[in-house]
Amino acid sequence: MLGRLVANAKKGGKRILSTTTSDIENSGDGPISYIPPAAPPAQTLAAGDDEFGDAVSRTEVGQGMESSKGMNSTGTHAPRLGNDSGGDAMYQSMGGDQTPPVSPKEGMNTHRPTSATSFDYADDDSYGGGLAAVDSDYYYVKQKFGYLSIGLSTTQLFVLAVQMLLCGVAPFDVNPMIGPYPDVLSEWGGRNTYMIVERLQIWRLITPCVLHTGVIHLLCNVAVQLETAAFFEREWGSLRWGVLYLSGVFGCNMAGCLLSPDQISVGSSGALMGIFGAKLAEVATMSLFQTKLRRGELGNLVRLEQVGGVMCAVLVVGLFTLIPFVDLSGHFGGLCGGFVSGVVLFSGRLRSLFLKFFWSLAGIVLFVFGCIYSLIYLFQNVQANEELGDVCEYFRRLYAEGYNCECYV
């Protein structure tokens, strides 16, 4: 559960702090009441740090001890709650009088966080319920790190390094992004509509997300992926984030095949647009309907800042279309794919069973219809450039003499 994460509850106009969910009791619709924990037995610890990692200067006093900090009036050690939003350690009195923790008026630094950078994390069992659902000053996320974001970024960096090592670096007039020759992008799995339609290489609807045109393109995408997208993974969890990422990849490459069939394209920017679309779907769901999560003023502040950040990120990532072998249609498709998938995944937060069913059904219908219609249209109506069947010869004609194709998977 939440362990020693700090939770806030309202009682009599003041905030009371608790170390565990069992210390807070809610009797129906009434106010939240405080149940003081049992006093811990006195003990003597070995020299060094105490059980909370605090340095202790100790001399035995009867059966208790003295500490350099965290002592209450009765001489017993006061367990530490953690650090408050101001960075100061907070302790709870555990003396024989069993008094609740001191209030802000008595000197404890428990001021309300004023920015969306004050975060804490909760595990899967407590997320969406328990203290995470209390109107709190703490914005809870599910993970400490964005594991998939870090793993994908590492993989993308490794693939580009191997490409440049095995296939060389193209001249600046051929690839200004400081990367391999363009035919390498197609040979290693870039989006090639002719190969998808005529040779049924369906995997090319997914693999372009691990490829980049060069170092500059990679750094731009990874910067967004490890900053904004990684925080969304911490907030949603890796499984949900991975599903939304793949939906953005599929929507990006499908839209590119339909709208730009004669262009080879690579990059993870379309997948990032899918993540941004999913965040817009989450905010829309939590703003339009009553949900299970109540995150108070800080939650509203975070969502407002996230929407502004997402809109700025969409514009910035949209500028990536100026990079060779990155198309605007793919970005639009990734944004739509992520939004529709987000409607389905975030509908579970709705309180009303009817709205939950209707909202999720609408998302499922849009997603399934879009996938089926797009695939049928792609294989029946799209006519890709036949020259893309031999990308080496295609780029030899496109660029000046001396273009060599010496790198194949």
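The values are calculated or read from the model by the stated rules, or taken from the named source; none is laboratory data. Remember, it's a predicted structure, so these values are computed and weren't measured experimentally. As a convention, Cβ positions derive from the backbone with ideal geometry for all residues, glycine included, and neighbour counts pool all protein chains shown. Just so you know, the surface numbers come from the protein's heavy atoms only, side chains and all, with ligands and any DNA or RNA stripped out. Shrake-Rupley method; radii C 1.70, N 1.55, O 1.52, S 1.80 Å.
For this structure, a couple of remarks:
- FRET efficiency, Leu226 to Val169 (Cβ-Cβ, R0 35 Å, nearest 0.05): 0.90
- Ranking of Trp359, Trp241, Trp188 by solvent-accessible surface, largest first: Trp188, Trp359, Trp241 (1.4 Å probe, protein heavy atoms only, all chains present).
- Computed from the C-beta positions of Tyr147 and Trp203, the FRET efficiency with R₀ = 25 Å rounds to 0.55.
- The stretch 147-398, accessible area per residue, ligands and nucleic acids excluded (1.4 Å, Å²): 44
- Cβ-Cβ distance of Leu366 and Asp390, R₀ of 51 Å, FRET efficiency by 1/(1 + (r/R0)^6): the value works out to about 0.85.
- Cut-off under 5 Å, modelled amide H: who pairs with Val141 long-range: Asp120, Tyr121, Ala122
- Portion, in percent, of the accessible area of the stretch 147-398 that falls on carbon or sulfur, probe 1.4 Å: 70
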